[in-house]
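The values are calculated or read from the model by the stated rules, or taken from the named source; none is laboratory data. Owing to the predicted nature of the structure, the values given are computational and were not obtained by experimental measurement. Positions of Cβ are backbone-derived with ideal geometry, glycine not excepted, and every protein chain shown enters the neighbour counts.
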Amino acid sequence: MKKFSTLFITLIISISSTSYSQVSWLINEKIAKAIATEKDQLILMDFWATWCGPCRKMDSDMWNTEEFKALSENFVPLKIDIDREKELARSYNVRSIPHVVLVTASGEIVWEQTGYSHSAPYEKILKNLPESLNGINTKLLTLSEDFNDEAYFSIGDSYLELAMENSEDLKRGFFALSDNYYKEITKNSDSNENIALAEMKMLLNDAYLGRYNRAVRKVDKIEINQNEELADMKQFIKAYCFKCEGDKKAYEEAKSLITSEEYLSQLEE
């Protein structure tokens, strides 16, 4: 089956791509999404136009190099001519070109950059792309229209994991997407316990992003109703923030209230 899938993808690419440079670009969004799901990768969308000078410079100086051809193995490359795909360009709020966007198979934006003068910011991002999205594309595309706490937690947690595993440039995008799914739980869940857990996880994201004061201030306001899991998470967030801020006394106090070995081991890292 795997061999069949690989052959099928190769065939699709051959009939749905064009060669603007060393990189073999797809020109069909639906096919790019299908391939990204199969390969468990992000899609790199390059919005361009034939009349765009900086776009041509980007092609000649960056995309048309062996180095970037090698980097393209870690993403699904998709060229979007804004004159032919006006609706798609509008949906991504493309106001000037070149405009490069890294998205999931469901179209959620992880990172974007407008303009081109040199390759450094693009090279920095593409060299640090995750080899795998841990199956998140499949989760996103199979998400039911009927709201389900477990499904939203699963996606939020997957984005959180990706944020923790990747570079600073991608980290913020993954954290923001993680927050989006937790926020939906706070709006739609019928479970007060799940709402509290989602709020706690958003504050955990804040802590990992360095928003220590905000996380500590807000975490004490969440009602945990003697829930041991939430109590441990609350103290972990506080201990993590105090440790990062160098408040040893407050750190030790919060740490002493944690019973989870997993949280305790994370604090020792």
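Taking residues in the range 144-167 that are assigned to a loop (DSSP other than H, G, I, E, B), and partners anywhere that are buried (at least 16 other Cβ atoms within 10 Å of the Cβ) and of a type in the set (A, V, I, L, M), not one pair has Cβ atoms closer than 6 Å while being at least 6 places apart or on different chains. Answer with yes or no whether Glu168 is buried (at least 16 other Cβ atoms within 10 Å of the Cβ), within 23 Å of Gly210 (Cα to Cα) and acidic (Asp, Glu). Here the answer is no, as Glu168 does not meet what is asked. Candidates in the range 232-269 are the residues that are aromatic (Phe, Trp, Tyr) and within 18 Å of Lys201 (Cα to Cα); of these, the one that is surrounded by the fewest Cβ atoms within 10 Å (Cβ to Cβ) is Tyr263. Taking (1) in contact with a strand residue (DSSP E or B) (Cβ under 8 Å, 6 or more places away or on another chain); (2) buried (at least 19 other Cβ atoms within 10 Å of the Cβ) in turn, Ser96 satisfies each apart from (2).
Of the candidates Tyr208, Tyr212, Tyr251, the single residue that is closer than 17 Å to Leu160 by Cβ, aromatic (Phe, Trp, Tyr) and assigned by TED's automatic domain parsing to the domain that holds Glu150 is Tyr208. In the range 61-79, the residues that are in contact (Cβ under 8 Å) with a residue 24 or more places away in the chain and under 17 Å from Lys33 (Cβ atoms) reach residues that are in a helix (DSSP H, G or I) and of a type in the set (Val, Ile, Thr) with C-beta atoms within less than 8 angstrom, at least six apart or across chains, in these pairs: Val76/Ile35.
Let's see how each residue does on (1) surrounded by 19 or more Cβ atoms within 10 Å (Cβ to Cβ); (2) modelled with pLDDT of 95 or more; (3) out of contact with any Pro (no Cβ under 7 Å at 6 or more places or on another chain):
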{"residue": "Ser19", "(1), (2), (3)": "no, no, yes"}
{"residue": "Val23", "(1), (2), (3)": "yes, no, no"}
{"residue": "Ala32", "(1), (2), (3)": "yes, yes, yes"}
{"residue": "Met45", "(1), (2), (3)": "yes, yes, yes"}
{"residue": "Ala70", "(1), (2), (3)": "no, no, yes"}
{"residue": "Val76", "(1), (2), (3)": "yes, yes, yes"}
{"residue": "Glu87", "(1), (2), (3)": "no, yes, yes"}
{"residue": "Val110", "(1), (2), (3)": "yes, yes, yes"}
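Criterion applied to Glu199, Glu229, Glu184 was being of a type outside the set (Gly, Ala, Ser), surrounded by fewer than 21 Cβ atoms within 10 Å (Cβ to Cβ) and over 26 Å from Leu133 (Cα atoms), and the one residue passing it is Glu229.
For the range 22-38: of the residues being more than 16 Å from the chain's Cα centre (by Cα) and part of a helix (DSSP H, G or I), which is farthest from Ile82 (Cα to Cα)? Here the answer is Glu38.
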